[in-house]
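Take a look at the structure set out below.
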Amino acid sequence: MEKGVGYVVEENGEVVAVFMFSTEPDPTYAKIYEGAWLSDEPYGVIHRIAVAKQGQGIIGYCIDECFARCHNLRIDTHRDNLPMQRALIKRGFIYCGIIHLENGDERLAFQKGSITSPV
């Protein structure tokens, strides 16, 4: 929040989601394995989407807000986070490969850009 990249989504005065969005390059995205990014154009990054209730379309709302600000997005998720993977594919993201966090943990990497989803 201090860096201005944390966002809170409220509905009727209640927090329903939080997420991080930045247009700064993410160092963990510098190398991708078993695939490739769709483009090397400047991109926005979405991290740490957390919703109070699944199945309400809130993840889609968060993604749409980010895409309105940057038409080339990257995001990663755990291999076992199937709800997030479904939400990403539904919103036009394409699986690109595997990235590793600074601690070495593996994540599945996705990208959505105007080259794949004209706006």
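The figures follow:
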| item | result |
| --- | --- |
| Residue match in segment 43-50 (condition: surrounded by 10 or more Cβ atoms within 10 Å (Cβ to Cβ), at pLDDT below 95, closer than 16 Å to LEU88 by Cβ and hydrophobic (A, V, I, L, M, F, W, C)) | yes |
| Condition broken by GLU24, with the remaining ones in (1) exposed (fewer than 13 other Cβ atoms within 10 Å of the Cβ); (2) at pLDDT 95 or above satisfied | (2) |
| When residues of segment 6-19 are limited to those that are surrounded by fewer than 16 Cβ atoms within 10 Å (Cβ to Cβ) and on the phi < 0 side of the Ramachandran plot, the one nearest to the chain's Cα centre (by Cα) | GLY6 |
| Pair list, Cβ < 8 Å and 6+ apart or interchain, from segment 92-107 residues that are within 21 Å of ASN72 (Cα to Cα) to residues that are basic (Lys, Arg) and surrounded by fewer than 16 Cβ atoms within 10 Å (Cβ to Cβ) | ILE99/LYS31; HIS100/LYS31; ARG107/ARG79 |
| Index of the failed condition, ASP76 passing every other in (1) surrounded by fewer than 18 Cβ atoms within 10 Å (Cβ to Cβ); (2) among the acidic types (Asp, Glu); (3) under 10 Å from the mean Cα position of the chain (by Cα) | (1) |
| Per-region count, segment 10-62, residues in a loop (DSSP other than H, G, I, E, B) and among the aliphatic types (A, V, I, L, M) | 5 |
| Residues being out of contact with any His (no Cβ under 8 Å at 6 or more places or on another chain), modelled with pLDDT of 95 or more and among the aliphatic types (A, V, I, L, M) - total across segment 51-78 | 1 |
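Yes/no per residue for (1) in a strand (DSSP E or B); (2) among the small types (Gly, Ala, Ser); (3) closer than 13 Å to ILE46 by Cα:
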{"position": "LEU73", "(1), (2), (3)": "yes, no, yes"}
{"position": "ASP76", "(1), (2), (3)": "yes, no, yes"}
{"position": "ARG86", "(1), (2), (3)": "no, no, no"}
{"position": "GLY97", "(1), (2), (3)": "yes, yes, no"}
{"position": "ASN103", "(1), (2), (3)": "no, no, no"}
{"position": "ALA109", "(1), (2), (3)": "yes, yes, yes"}
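The values are calculated or read from the model by the stated rules, or taken from the named source; none is laboratory data. Here the structure is a predicted model, which means the values were calculated and not measured. Positions of Cβ are backbone-derived with ideal geometry, glycine not excepted, and every protein chain shown enters the neighbour counts.
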